[in-house]
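**Student:** This is the structure, below, for whatever I ask next.
Nothing in this text is a laboratory measurement; each read-out follows from the coordinates by a stated rule. This is a predicted model, so every value here is computed, not measured. Here the Cβ is made from the backbone with ideal geometry for all residues, glycine too, and neighbour counts use every protein chain on show.
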Amino acid sequence: MAELEIFDGKGKSVGKHKLAAPLAELTVNGMVLHRTVVAEEANSRQGTQSTKTRSDARGGGRKPYKQKKTGNARQGTIRAPHYAHGGVALAPKPRDYSKKVNRKERRLAIMAAFGAQANAGKIVLSKEVSFKAPKTKDAQAMLVALGLADVKRVLLVVPEYDEMVVKSFRNIPNVEVRTAPSRDGKAASFSARDLLVAHKIVITEAAMKKTEECWLA
C-alpha cells in the first residue's frame, strides 16, 4: 500500500497518508487506458474545420478554352485544385470526432493512472493550498518550497474551484489547476490524460479525501 507524505506550504512534512488499497493495488489495463485517453483527446476537438472544394469555389463555370487544337492540356474549369485560387482536393469538412467511453471504464482508467503515478512517487500531498489574494509570487514560492520549481508539467488538484488559486497559478505556464471529482459527476475534474502527462501531481489533503470517497463509494 502506497504511503504519501503530507507537506505544508513551506515544504515541511506534517504527516502521512495511506493510499486506499484499491488505488494502490489496481492493475493497469493498457487497453482501457489507451482507449480512454484517445477518447478524451478526440472529444476535445471542435471539428469545425472547413475548406472549399472545386464546387464551392466561386467562378470557373465556363470552360477556359476549347477541348482540342490549342496545344494545352484539356481543362474544364479554372477552379480545379491544380489552379491558383482553385478548390482544395479532398478538402476537410466539419465532422464529429467524439468517441464514447463507458462511465465505469473511464473511472477505471483514471484510478489506474492515479495509482500508477502514486507508486512511481510522482504525487505530492499538500496540507492545503489557499491564497488571500491572487498572487503569482506566492504560488511560485509554494512550488519552490515543494521542490517543484523546475518541473516541466505540474498538475494541481484542489477540492473545489477556488478563484484565488486559479488566478495565482494561471500565469505559470507549467502548472494546470483541476478540481477533485464529485459523486454527481457535474463538476469538471481531472482526466486520465491529465494524470499521465504530468511530471508531478500536487493534490491537497481535502481533495485526496474527496477523490477517494468518490471513486470508492
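**Student:** Which whole-number percent gives the relative contact order of the chain, counting Cα pairs below 8 Å spaced six or more residues apart? Before the final figure, lay out the partial values.
**Tutor:** Values: 365 pairs, mean separation 50.7, N = 217.
For the chain, the relative contact order is 23 percent.
**Student:** Cα centroids of the range 107-183 and the range 77-100: how far apart, whole angstrom?
**Tutor:** Cα centres, the range 107-183 to the range 77-100: 42 Å.
**Student:** OK, next. Which three extents, in whole angstrom, do the alpha-carbon atoms of the range 97-217 cover along their principal axes, largest first?
**Tutor:** Projected onto its principal axes, the Cα set of the range 97-217 covers 41, 32, 28 Å.
**Student:** What is the set of long-range amide H partners of K52 at a cut-off below 5 Å, with H atoms built 1.01 Å from backbone N?
**Tutor:** When sequence neighbours closer than 5 places are left aside, the close amide H contacts are V88.
**Student:** Continuing with this model, one more query. Which order do the peptides 47-57, 134-144, 201-211 take when ranked by the mean count of other beta-carbon atoms within 10 Å per residue, highest first?
**Tutor:** In decreasing order of mean packing, 47-57, 134-144, 201-211 become 201-211, 134-144, 47-57.
**Student:** Viscosity 0.692 mPa s, temperature 37 °C: Stokes-Einstein D of the range 1-120 from its Kirkwood Cα radius, in µm² per second?
**Tutor:** 164
**Student:** Can I ask one more? Under 5 Å between amide hydrogens, which residues at least 5 positions from F7 or on another chain qualify, with H placed 1.01 Å from N in the peptide plane?
**Tutor:** Hits under the 5 Å cutoff: V14, L125, S126, K127.
**Student:** Using each residue's phi in the range 62-70, evaluate 6.51 cos²θ - 1.76 cosθ + 1.60 at θ = phi - 60° and report the 3J(HN,Hα) Karplus result to the nearest Hz, with x for Gly and Pro.
**Tutor:** 9, 5, x, 7, 5, 5, 10, 6, 10
**Student:** If you scale each eigenvalue of the Cα gyration tensor by 5 and take the root, what three semi-axes come out for the range 142-193, rounded to whole angstrom and sorted largest first? Let's see the in-between values first.
**Tutor:** On the way: eigenvalues 96, 30, 17 Å².
One finds semi-axes of 22, 12, 9 Å for the range 142-193.
**Student:** Measure nothing fancy, just the Cα-based angle from helix 205-215's long axis to the longest principal axis of the chain, in degrees from 0 to 90, nearest 10.
**Tutor:** The angle comes out near 70 degrees.
**Student:** Name the shape class, rounded, prolate or oblate, that the alpha-carbon gyration tensor gives for the range 113-176, where a ≥ b ≥ c are the square roots of its eigenvalues, rounded holds for a/c under 1.5, and otherwise prolate holds if a/b is larger than b/c and oblate otherwise.
**Tutor:** prolate
**Student:** Which aspartates and glutamates have a Cα less than 15 Å from the Cα of K18, not counting those fewer than 8 places away in the same chain?
**Tutor:** Candidates past the 8-residue exclusion: E3, E5, E205, E212, E213.
**Student:** State, to one decimal in nm², a quarter of the convex hull surface area for the C-alpha atoms of the chain, i.e. the direction-averaged projected area.
**Tutor:** Here the figure is 18.0 nm², rounded to one decimal.
**Student:** Restricting to the chain, compute how many DSSP beta bridges are antiparallel as a %, nearest 5. Write out the running numbers ahead of the final one.
**Tutor:** Details: 5 of 20 bridges.
Bridges in the chain are about 25 percent antiparallel.
**Student:** Turning to a different aspect of this structure: Largest first, please: the extent of the C-alpha atoms of the range 48-96 along each principal axis, to the nearest Å.
**Tutor:** Principal extents (largest minus smallest coordinate, Cα): 48, 16, 15 Å.
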